[in-house]
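Asks: Sending over a structure as structure tokens; questions will come in a sec.
The values are calculated or read from the model by the stated rules, or taken from the named source; none is laboratory data. Bear in mind the structure is a predicted one, so any value in this text is a computation, not a measurement. All Cβ positions, glycine included, derive from the backbone under ideal geometry; neighbour counts span all protein chains shown. Remember, those area values only see protein heavy atoms, side chains included, never the ligands or the DNA or RNA. Shrake-Rupley method; radii C 1.70, N 1.55, O 1.52, S 1.80 Å.
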Amino acid sequence: MGGYGSGRQYGRPTADASRRIDLAWMIRNGMARPGYEKSGILRWNRGGEPSGSISYRADMRELGCERLILDYTRGEGDEREEVEQSIRITFSEPNFGGKRWWMLCPYRGHRAGKLYLPPGGDRFASRKAWRLGYQSQRISQRDRPFEALNRLQKRLGCPQGWEQRIKRPKGMHRQTYGRLLDEYEYLDGLCAVEMMRTVGLLQGRIERRLT
């Protein structure tokens, strides 16, 4: 596997910043189908803008020989590489019946529902193979109330940030909004505590420098 390259920031790269292939999602959306061969384009977006695409072919016609073939280009200039990556597909049979489909990590060989290509990476592989973390794991304890508050405001379509008020979206049940309003008040209070704590720390540092 190649290095992390420019995608490595503050330690190892995150799953959130990586391109992801989700086999279950592909099957649910008809992009792959057991017993058939399907092909098309996988596309990614970041911040509402296109961030990349690759061609794929999901050949699931013959039991025991299922494959996902990916065709894409990585790198630029002299480092430009045309890649055809073939990934084995297998399945397990849950106790409740049916089949659960998996991809086999090309590097570790274990089953994985999702494969990732982090910034600067060279091939799709499992999260474990790439040693990917999640952005939420890197958020400090101090920042977590603000992150939760922003997610709630985003869900409601409201401006994000501390002390930004929320309003009930059109069509949302009043009981649901009431529950979210309680959650907002709780998170806003936690943010206020963290802000006061930060201000106190800054004031302490200033006083120490002046003495």
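Asks: Across region 66-78, what is the total count of residues that are in contact (Cβ under 8 Å) with a residue 24 or more places away in the chain and not in a loop (DSSP other than H, G, I, E, B)?
Replies: Residues meeting the conditions: 3.
Asks: Considering only region 32-58, how many residues are touching a Ser or Thr at 6+ places or on another chain (Cβ under 9 Å) and open to solvent by less than 40 Å² (accessible area, probe 1.4 Å)?
Replies: Of the residues in that region, 6 qualify.
Asks: Okay, moving on. Looking for whichever is without any contact (Cβ under 8 Å) to a residue 40 or more places away in the chain and either farther than 17 Å from R127 by Cβ or under 21 Å from the mean Cα position of the chain (by Cα) (or both) here; the options are R88, R19. Which one fits?
Replies: Unique residue meeting the criteria: R88.
Matching residues to (1) open to solvent by less than 40 Å² (accessible area, probe 1.4 Å); (2) of a type in the set (F, W, Y); (3) touching a residue at least 12 places away in the same chain (Cβ under 8 Å):
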site: R61; (1), (2), (3): no, no, yes
site: R80; (1), (2), (3): no, no, no
site: V83; (1), (2), (3): yes, no, yes
site: L104; (1), (2), (3): yes, no, yes
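Asks: Shifting gears a bit: Keeping to region 111-124, report how many residues are buried (at least 17 other Cβ atoms within 10 Å of the Cβ) and part of a loop (DSSP other than H, G, I, E, B).
Replies: Qualifying residue count, region 111-124: 4.
Asks: What number goes with the only condition from (1) part of a loop (DSSP other than H, G, I, E, B); (2) closer than 27 Å to T14 by Cα; (3) without any contact (Cβ under 8 Å) to a residue 24 or more places away in the chain that I41 does not pass?
Replies: For I41, the failing item is (1).
Asks: For R108, only one of the following conditions fails: (1) at pLDDT below 95; (2) of a type outside the set (V, I, T); (3) in a loop (DSSP other than H, G, I, E, B); (4) open to solvent by less than 30 Å² (accessible area, probe 1.4 Å). What is its number?
Replies: The failed condition is (4).
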